[in-house]
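Asker: Pasting in a structure now, in structure tokens, and then I'll have a few things to ask.
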Amino acid sequence: MADKLRIGAFASGGGSNLQAIIDGCEDARIDAEVVVLIANKASAGAMERAARHGIATERVRVGKDLTDEFFAADEQHVKLLADYCVDLVVMAGYMRRIGIGVLNAYHHRVMNIHPALLPSFPGAHGQRDAVKKGVKVAGCTVHFADEEFDRGPIIIQAAVPLVAGDDEDALGGRILKQEHRVYPQAVQWFAQGRLTVEDYKVRIEPAAPAFTSEDGVIISPGLDMA
Ligand code: GRF
């Protein structure tokens, strides 16, 4: 059997998206394994989750954007990813910019999840900004990352309708549920070698179902993993 795809994860927070990916790998819905978690904060809940699953953890302080410390962290990230023989980088609630060193070493091999329908509402408060603007449909996006925050070719999106009385937390909770469905699926498509990027557009071959629809939520392209 061919070696499994090796995932290096980056996280800053609680790590529920990381957990969804670890679970997918452990129950063989994703043909991959998470081999290292890199966190920028020692307090990140994601660190504990990784350790519980026997996954190596590394903490790299990043410093302010585009400072010497930031560039040093980028170099350290590149080295760590090479040391752990990582094939795919997943940003799972990683609230920092990913450095150009990592992006160059992993062209179209760095994924990010964002709790909004990109290109609308990039930034740290996608759900709050959507509620404030009174949108009727919000959601989440998995995309290949580039050097800008929350930008890059889109792999999969889930559209989540707003309901009366929605606030950031209520909407955010429903979006998070969908994040845990679409991120493992995007990673599995990558693991299966089905994703290509051409002219900024992601193609999935063989094609996935056009969409999945359930309780008013639409996921496009549709899910084809269990
Ligand atoms: C998620 O909405 C994620 O997209 C955002 O932070 C939230 C928490 O993520 N960036 P997690 O539980 O740390 O994966």
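The values are calculated or read from the model by the stated rules, or taken from the named source; none is laboratory data. Quick caveat: nothing in here was measured; it's all calculated off a predicted structure. Methodologically, a virtual Cβ is constructed for each residue, glycine included, from the backbone with ideal geometry; neighbour enumeration extends over all protein chains shown.
Asker: If I go through the range 66-87 residue by residue, how many of them are over 20 Å from the mean Cα position of the chain (by Cα) and not in a helix (DSSP H, G or I)?
Answerer: Final tally of qualifying residues: 2.
Asker: Residues that are β-branched (Val, Ile, Thr): list the strands (runs of 3 or more DSSP E) wholly contained in the range 132-226 that include at least 3 such residues.
Answerer: Of the strands (runs of 3 or more DSSP E) lying wholly inside the range 132-226, those with at least 3 residues that are β-branched (Val, Ile, Thr) span 137-144, 154-161, 217-220.
Asker: Regarding Phe121, is this residue assigned by TED's automatic domain parsing to the domain that holds Asp215 and on the phi > 0 side of the Ramachandran plot?
Answerer: It is true that Phe121 is assigned by TED's automatic domain parsing to the domain that holds Asp215 and on the phi > 0 side of the Ramachandran plot.
Residue-wise test of (1) in contact with a helix residue (DSSP H, G or I) (Cβ under 8 Å, 6 or more places away or on another chain); (2) crowded, with 18+ Cβ neighbours inside 10 Å; (3) in contact (Cβ under 8 Å) with a residue 40 or more places away in the chain.
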position	(1), (2), (3)
Tyr94	no, yes, yes
Asn104	no, no, no
His108	no, no, yes
Phe121	yes, yes, no
Ala138	yes, yes, no
Ile156	yes, yes, yes
Gly172	yes, yes, yes
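Asker: Here is a follow-up. When only residues in the range 37-52 that are part of a helix (DSSP H, G or I) and touching a strand residue (DSSP E or B) at 6+ places or on another chain (Cβ under 7 Å) count, which is surrounded by the most Cβ atoms within 10 Å (Cβ to Cβ)?
Answerer: Among them, the one singled out is Ala46.
Asker: So if I check each of Gly93, Gly63, Gly24, which one is under 23 Å from Ile175 (Cβ atoms), assigned to a loop (DSSP other than H, G, I, E, B) and either under 18 Å from the mean Cα position of the chain (by Cα) or not hydroxyl-bearing (Ser, Thr, Tyr) (or both)?
Answerer: Gly93
Asker: State which residue pairs qualify: first residue touching a residue at least 12 places away in the same chain (Cβ under 8 Å) and inside the range 13-31, second residue away from the ligand (no atom under 13 Å from the Cβ) and assigned to a loop (DSSP other than H, G, I, E, B) in any location, beta carbons under 7 Å apart, and separation of 6 or more residues or different chains.
Answerer: Ile21/Ile30; Ile22/His53; Gly24/Ile30; Arg29/Met225; Arg29/Ala226; Asp31/Lys4; Asp31/Gln192
Asker: Report yes if Met111 is at pLDDT below 95 and either of a type outside the set (Phe, Trp, Tyr) or within 12 Å of the ligand (Cβ to nearest atom) (or both), otherwise no.
Answerer: Taking the combined requirement at face value, the residue does not satisfy it.
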